[in-house]
Amino acid sequence: MRRTLRAIAAAGLLAAGSIVAVALGGTASADTQICEQYGSTVIQGRYVVQNNRWGTTAQQCINVTDTGFEITTQNGSSPTNGAPTAYPSIFLGCHYTNCSPGTNLPIQVSQISSATSSINYRYVSGATYNASYDIWLDPSPKRDGVNQMEIMIWLNRQGPIQPIGSPVGTATIDGRSWEVWRGSNGANNVISYLAPSAISSANLNLLAFINDTRNRGAITNSWYLTSIQAGFEPWQGGTGLAVTNFSAAVNGGGGNPTTPPPSNPPPTTPPPTGGGACAVKYTPNSWNNGFTADVQITNTSSSTINGWTLAYSLPSGQRVTNAWNATVSQSGQAVTARNINWNGTLSPGGTASFGYQGTLSGAYSSPTSFTLNGVACSRS
């Protein structure tokens, strides 16, 4: 399924700024109704609630309370193999120049010490929708426009709908097993975590989802968390759906134990020895002017490798800017990646992984050949 980014499909939210500005006029008291297409208001002096009807011209209204909102009218209907009609939601952070009061977002991922949220949903039957929790990230501290990475947590799915892209595996986060999907809607990349059954109440460790996304090579710790949002994507029906309670907190201070090692770690010990057979899996993720790559090395020989150096050439127009889990240097298009002190030993069948972020000029392509300690590797 391909789905146009909900904020982009608004076709110029900035052009509709006068509508939003009217709807932003103050903090909501209980039972504030919003029917404007992009209307929004503030609750608790901390969170923004938005109608965000981006995918249909049919009327949608939400009733905003001090603790959340309810969809009171939803007349839109969209095919289940396409985009939903809207994303009525509550958020902390910045969404298309609309920032929640006093927010500390955007914040660099490496500076986040914790990111948590509590939410309660009320569901209805006879409608097609998902209950979606969104986490938005970008390489820059964006307060407007399109972010390059969307993490979606599907806490409920009703009807024949599915996340963007295709399944790529599973993840265990917050003591739950999630089916992981990965794809792109043409404007940004999306990783979705699909719950196997409906969850109506949850305390979420958002940093764990961010870290899992980073470990898949989709972002780096230099990226920025710009907003966290919770609500519904209705395709057909949805009147009565509600977020009854919501809270979220993102704390800085760094010290994140999953922060990648520094770019200039201590010299490798012991020095590289041995070569043997090897295989390399190279998983890229690219956008208009940048890319990330996750590289996995497997020792397919019968001998242990003590210290490794992987060499290859990047296609023209690609330049490494920062890396993690290896010391990566570039001269011209030639790249050398050396192990750091804790991942230099590869026993037979053992693997080591590292990643990096780079800039991109022109069309993206991946490197085609690799050598490990001077010995050619196969591609896996």
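The values are calculated or read from the model by the stated rules, or taken from the named source; none is laboratory data. It should be emphasised that the depicted structure is a prediction, and the values quoted were computed from it without experimental measurement. Note that each Cβ is placed from the backbone with ideal geometry, even for glycine, and that neighbours are counted across all protein chains shown.
Here are some notes:
- Checked against the criterion of being among the basic types (Lys, Arg) and over 14 Å from Phe91 (Cβ atoms), the candidates Arg53, Arg46 yield just one match: Arg53.
- Taken over the range 143-190, the criterion of being touching a Pro at 6+ places or on another chain (Cβ under 9 Å) and among the hydrophobic types (A, V, I, L, M, F, W, C) is satisfied by Met149, Met152, Trp154, Ile161, Trp178, Val180, Trp181, Val190.
- Of Pro88, Pro84, all but one fail to be over 21 Å from Thr41 (Cβ atoms), at pLDDT 95 or above and out of contact with any helix residue (DSSP H, G or I) (no Cβ under 8 Å at 6 or more places or on another chain); the exception is Pro84.
- The residues of the range 185-226 that are of a type in the set (S, T, N, Q), within 11 Å of the chain's Cα centre (by Cα) and assigned to a strand (DSSP E or B), listed by number, are Asn189, Ser192, Thr226.
- Close pairs (8 angstrom Cβ cut-off, 6 or more residues apart or separate chains): outside the structural domain of Leu207 (by TED's automatic domain parsing) and farther than 26 Å from Asn156 by Cα in the range 129-141, β-branched (Val, Ile, Thr) and surrounded by fewer than 24 Cβ atoms within 10 Å (Cβ to Cβ) anywhere: none
- Residue check, Val328 out of contact with any Lys or Arg (no Cβ under 9 Å at 6 or more places or on another chain) and either buried (at least 17 other Cβ atoms within 10 Å of the Cβ) or not in a strand (DSSP E or B) (or both): no
- The set of residues from the range 70-122 being closer than 21 Å to Cys35 by Cα and polar (S, T, N, Q) comprises Thr72, Thr73, Gln74, Asn75, Ser77, Ser78, Thr85, Ser89, Thr97, Asn98, Ser100.
- Residue within the range 105-121 that is in the same structural domain as Ser184 (by TED's automatic domain parsing) and free of Cβ contacts under 8 Å to residues at least 60 places away in the same chain present: no
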